[in-house]
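> My questions all concern the structure below.
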């Protein structure tokens, strides 16, 4: 059964715009979408124009955590770090069938 992930990322206002632009590059979501276990990702920008929420669905929590490790090992924090205003967090959810 799939797992849902909601990531909350507190950027600076410019950092949020930089991140959104990055998602559309070859290094952004095309890589995410090709990663094993990926099912869905949507980017949401809060009213404050700084906080980005990622609504994701993965085949398992382990698949998502493997993806995160892949991104961190690949240097993503070098890009994100200067654009953050705080620590980001991930919450995992199981779908409740109707």
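> Note down all Cβ pairs under 8 Å where the first residue falls in segment 63-82 and is closer than 20 Å to residue 93 by Cα, the second is modelled with pLDDT of 95 or more and assigned to a helix (DSSP H, G or I), and they're at least six residues apart or on different chains.
67/32
> Only one of (1) without any contact (Cβ under 8 Å) to a residue 60 or more places away in the chain; (2) in contact with a strand residue (DSSP E or B) (Cβ under 9 Å, 6 or more places away or on another chain) fails for residue 91. Which number is that?
So the condition that residue 91 fails would be (1).
> Counting only residues that are part of a loop (DSSP other than H, G, I, E, B) and surrounded by fewer than 10 Cβ atoms within 10 Å (Cβ to Cβ), how many does segment 73-98 have? Spell out the reasoning first.
So in segment 73-98, the residues part of a loop (DSSP other than H, G, I, E, B) come out as 74-75, 85-88, 95-98.
Okay, now just the ones that are also surrounded by fewer than 10 Cβ atoms within 10 Å (Cβ to Cβ), so 87, 96-98.
Residues flagged as part of a loop (DSSP other than H, G, I, E, B) and surrounded by fewer than 10 Cβ atoms within 10 Å (Cβ to Cβ) within segment 73-98 amount to 4.
Let's see how each residue does on (1) surrounded by fewer than 17 Cβ atoms within 10 Å (Cβ to Cβ); (2) not in a loop (DSSP other than H, G, I, E, B):
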{"residue": "22", "(1), (2)": "yes, yes"}
{"residue": "25", "(1), (2)": "yes, no"}
{"residue": "30", "(1), (2)": "yes, yes"}
{"residue": "39", "(1), (2)": "yes, yes"}
{"residue": "48", "(1), (2)": "yes, no"}
{"residue": "56", "(1), (2)": "no, yes"}
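The values are calculated or read from the model by the stated rules, or taken from the named source; none is laboratory data. The model shown is predicted, which means the values in this text are computed figures rather than measured ones. Heads up, the Cβs are rebuilt from the backbone with ideal geometry, glycines too, and the neighbour counts pull from every protein chain shown.
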